[in-house]
Amino acid sequence: MSSTEPPETRTAAAPPSSRTRAVRVADGEELRSVALPGLTLTVRARPGDRPGLAPALYVHGLAGSSQNWSALMPLLGDLVDGEAVDLPGFGDSPPPDDGNYSVTGHARAVIRLLDAEGRGPVHLIGNSLGGAISTRVAAVRPDLVRTLTLISPALPELRAQRNAWPTALMALPGVSSLFARITKDWTPEQRVRGVMALCYGDPGRVTDEGFRHAVEEMERRLELPYFWDAMARSSRGIVDAYTLGGQHGLWRQAERVLAPTLLVYGGRDQLVSFRMARKAAAAFHGARLLTLPDAGHVAMMEYPETVAQAVRELIEDSGADGGSGGDGNTDNSNSNSDTSNSGSKNGDNSGDSGGS
């Protein structure tokens, strides 16, 4: 992927493809399908409270979807015009024609979407795998990014946490199909509880309604013929990205990011080590650091109000909340926040969190 990659021609939205089960759409959200050559992406839009607001794009993690952002988007509706993308093979987006699930391939999909729709520069917000993708986008196409927010970004660790090992194992040939056979008798409820135990600092924050919605989404995904393949190939893409060196390495690309950056790490994250927070803060020039001691891997779902406030301060302080991009500068002092008592109990879309 090159920083000089030409923009795609604007393409009319394609009609949504048929599904056995309908994807859930929260009040105030809109879904549309965007057709690009060799690629179709579903976009979940949360229009801003008034015309003319700066655009934002939200990018989910492995096994997640655009629904991961349904708690955060309305809290920023007075500041940005929000859209969340379903990465290829996830959510309601079908697999890419070329089968490319690498971090670079996902980043290219995000770039092509932004170029085709002419929405850039955007406030780019990514979680986990989406954080790695957003880092790459911000590094190679700085013209597309006003500010960058990374929530538990999947950046290379020399010693990965034990609970993150299954992601690496999933990348091995044959493991995903083996796991699918081993777990074929697991109920959707059991699967969702497992995901929540892994991704939340406190799974008890999920309401009954949120759990029910997550089970419905799990049932829908398990009916997709490409679900396990997308998981395996994207897992392999993460592992491959961790081994890249030189200018293509994610840490080297983090150093190239010019956009004002906010980093959010959870103290109870079982997938991305909390100890990586300081390294990330040093890698991204002038980055702000928000630490949430009681949060897990998906802080934007556990503590949406706290995360929204931090994003708001980043955008407002950088002067990038208007119609033009920011100047690439931000507050050089890191801010750490203890949010053990912050955030209301969040129910919607809580199980659709993703593992990395």
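What to note about this one:
- Selection count where residues are surrounded by 22 or more Cβ atoms within 10 Å (Cβ to Cβ), at pLDDT 95 or above and under 25 Å from residue 120 (Cα atoms), scope the stretch 284-321: 10
- When the criteria are applied in full, residue 241 fails the requirement of being open to solvent by less than 20 Å² (accessible area, probe 1.4 Å), within 24 Å of residue 22 (Cβ to Cβ) and of a type outside the set (D, E, K, R).
- Candidate set: the stretch 252-263, residues that are touching a residue at least 24 places away in the same chain (Cβ under 8 Å) and open to solvent by 40 Å² or more (accessible area, probe 1.4 Å); chosen: the one nearest to residue 121 (Cα to Cα): 258
- Residue match in the stretch 272-283 (condition: in contact with a Ser or Thr (Cβ under 6 Å, 6 or more places away or on another chain), surrounded by fewer than 21 Cβ atoms within 10 Å (Cβ to Cβ) and among the charged types (D, E, K, R)): no
- Counting only helices (runs of 4 or more DSSP H) wholly contained in the stretch 153-242, the ones carrying 3 or more residues that are at pLDDT 90 or above occupy 188-199, 208-222.
- Qualifying residue in the stretch 264-271 (condition: open to solvent by 40 Å² or more (accessible area, probe 1.4 Å), outside any helix (DSSP H, G or I), closer than 24 Å to residue 301 by Cβ and not hydrophobic (A, V, I, L, M, F, W, C)): yes
- Selection from the stretch 64-85 of residues that are surrounded by 24 or more Cβ atoms within 10 Å (Cβ to Cβ) and part of a loop (DSSP other than H, G, I, E, B): 64, 65, 70, 71, 72
The values are calculated or read from the model by the stated rules, or taken from the named source; none is laboratory data. Quick caveat: nothing in here was measured; it's all calculated off a predicted structure. Virtual Cβ from ideal backbone geometry, glycine too; neighbours counted across all protein chains shown. For the accessible areas, the whole protein counts, side chains as well, though only heavy atoms, and no ligand, DNA or RNA atoms are used. Shrake-Rupley method; radii C 1.70, N 1.55, O 1.52, S 1.80 Å.
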